[in-house]
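Encoded as structure tokens, the structure appears first; notes follow it.
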Amino acid sequence: MLELLGTIGGNVLSLPGILGLALGMMTRKLWLGAALGGAVGVFETLVFAGFRFAHVEPLELIIAIVVGVCAGSLGTAIRIKGATA
């Protein structure tokens, strides 16, 4: 359980969370922000695995993608709400 929480927290504070949020804030289309965040999650996992799919753990990949999608969607929501307020 502690490993799972550490993985989630690490992804939120790492590339999928921060860069996903930033890329999401660059667009007003929710699906595009979510897709960019998910792509960052996949890329970050592959970078830390040395670009070898054999070294990628499925749980880490899934968590990185989910965090990236959520961060990208949140960034898009911030962009939309900030532009209309």
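All of the numbers you see were taken from the coordinates with simple rules; none came from a lab. What you are looking at is a predicted structure, and each value in this text was computed from that prediction instead of being measured. Glycine gets a Cβ as well: all are built from the backbone with ideal geometry, and neighbour counts include every protein chain shown.
Is one or more of the residues making up the range 74-85 of a type in the set (D, E, K, R), part of a helix (DSSP H, G or I) and within 11 Å of the chain's Cα centre (by Cα)? No: the range 74-85 contains no residue that is of a type in the set (D, E, K, R), part of a helix (DSSP H, G or I) and within 11 Å of the chain's Cα centre (by Cα).
Within the range 13-31, being within 19 Å of Thr76 (Cβ to Cβ) and not in a helix (DSSP H, G or I) holds for Met25, Met26, Thr27, Arg28, Lys29. Applying the set (1) assigned to a helix (DSSP H, G or I); (2) without any contact (Cβ under 8 Å) to a residue 12 or more places away in the chain; (3) over 14 Å from the mean Cα position of the chain (by Cα) to Gly10 leaves exactly one unmet item: (3). Count, please, the residues in the range 59-85 that happen to be farther than 12 Å from Thr7 by Cβ, surrounded by fewer than 16 Cβ atoms within 10 Å (Cβ to Cβ) and not small (Gly, Ala, Ser). The qualifying residues number 3.
If we keep just the residues of the range 32-58 that are assigned to a helix (DSSP H, G or I) and either surrounded by fewer than 12 Cβ atoms within 10 Å (Cβ to Cβ) or touching a residue at least 40 places away in the same chain (Cβ under 8 Å) (or both), which is nearest to the chain's Cα centre (by Cα)? Steps first, please.
Here is the first cut: in the range 32-58, the ones assigned to a helix (DSSP H, G or I) are 32-48, 53-55, 58.
Now drop any that are not either surrounded by fewer than 12 Cβ atoms within 10 Å (Cβ to Cβ) or touching a residue at least 40 places away in the same chain (Cβ under 8 Å) (or both), which leaves 32-34, 47, 53-55, 58.
Numbers: Leu32: 13, Gly33: 10, Ala34: 8, Val47: 14, Phe53: 19, Ala54: 21, His55: 20, Pro58: 15 Å.
The selected residue is Ala34.
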